[in-house]
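First up is the structure itself, then whatever we jot down about it.
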Amino acid sequence: MGRMAFQSVRLERFAALYGAGMTRFALQFGQTQSGLTYLERMSAYGICPRGEAFIAIVQIGKRAPYEFDLPGGGIEADEDEAAALMREFQEETGLTVWPTRVIGRAGQFWINKSEPRNSLSTFYEVELSADDSAPTEPDHALLWMNPNEALMKLRHEAHAWALLHWMRARGRGHLS
């Protein structure tokens, strides 16, 4: 059997075993609810440090209780991950950033405005290039937060995992 035929057989077996209908990353967070169909959305999020003490966090909502996310979001059809990440950062925080390295990839099942989603996300460390504008999304605000505090406030488990992974890689994996 040739290499291409072998690859095809492996993919067919994988699809039969794990189901061809839903993509899953090695790390999948959140729970599905019976009877709901989850729309898959490729997305990119970033961790933007300011010195050693703070990271950029997006506060979502016009009044409390707020939700907190890493800046980022869905990838449009005409974008790659880096372009989507830079656009989303600008829209949500007013910051201009440049992706510097991939932290990891993880999926997150969640319900967004009554729509079941599986966000298939790539998480990046980003470098701050400019801090000269305001968010254009009306219910989003930029907060500079201590990573330990952010870890406890992030609404998505996948975001918390990416932040913890980033902290450990930087030798800051302690919670105090």
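The values are calculated or read from the model by the stated rules, or taken from the named source; none is laboratory data. Worth saying up front: this structure is predicted, and the values here are computed from it rather than measured. Note: ideal-geometry Cβ built from the backbone for every residue, glycine included; neighbour counts use all protein chains shown.
For F123, the conditions (1) touching a residue at least 60 places away in the same chain (Cβ under 8 Å); (2) more than 14 Å from H156 (Cβ to Cβ) all hold with the exception of (2). Working only within the stretch 55-88, note down all residues that are among the hydrophobic types (A, V, I, L, M, F, W, C) and either in contact with a helix residue (DSSP H, G or I) (Cβ under 8 Å, 6 or more places away or on another chain) or crowded, with 19+ Cβ neighbours inside 10 Å (or both). Of everything in the stretch 55-88, those that are among the hydrophobic types (A, V, I, L, M, F, W, C) and either in contact with a helix residue (DSSP H, G or I) (Cβ under 8 Å, 6 or more places away or on another chain) or crowded, with 19+ Cβ neighbours inside 10 Å (or both) turn out to be I55, A56, I57, V58, F68, L70, I75, A84, L85, M86.
Being over 22 Å from L164 (Cα atoms), assigned to a strand (DSSP E or B) and at pLDDT 95 or above narrows it down to one of R87, R117, R101, R105, so name that one.
Numbers: R87 fails: assigned to a strand (DSSP E or B); R101 fails: over 22 Å from L164 (Cα atoms); R105 fails: over 22 Å from L164 (Cα atoms).
That would be R117, the only listed residue that is over 22 Å from L164 (Cα atoms), assigned to a strand (DSSP E or B) and at pLDDT 95 or above.
A single member of E149, E137, E125 is out of contact with any His (no Cβ under 8 Å at 6 or more places or on another chain), assigned to a loop (DSSP other than H, G, I, E, B) and among the charged types (D, E, K, R), and it is E137.
Here is the figure for the stretch 138-163: residues that are buried (at least 16 other Cβ atoms within 10 Å of the Cβ) and free of Cβ contacts under 8 Å to residues at least 60 places away in the same chain total 2.
Please verify whether the stretch 127-147 includes one or more residues that are among the hydrophobic types (A, V, I, L, M, F, W, C), in contact with a helix residue (DSSP H, G or I) (Cβ under 8 Å, 6 or more places away or on another chain) and closer than 19 Å to E76 by Cβ.
Residues of the stretch 127-147 that are among the hydrophobic types (A, V, I, L, M, F, W, C), as a first pass: 128, 130, 134, 141-145.
Narrowing the set further to residues that are in contact with a helix residue (DSSP H, G or I) (Cβ under 8 Å, 6 or more places away or on another chain) leaves 142, 145.
Applying the additional criterion that residues be closer than 19 Å to E76 by Cβ yields none.
Scanning the stretch 127-147 turns up no residue that is among the hydrophobic types (A, V, I, L, M, F, W, C), in contact with a helix residue (DSSP H, G or I) (Cβ under 8 Å, 6 or more places away or on another chain) and closer than 19 Å to E76 by Cβ.
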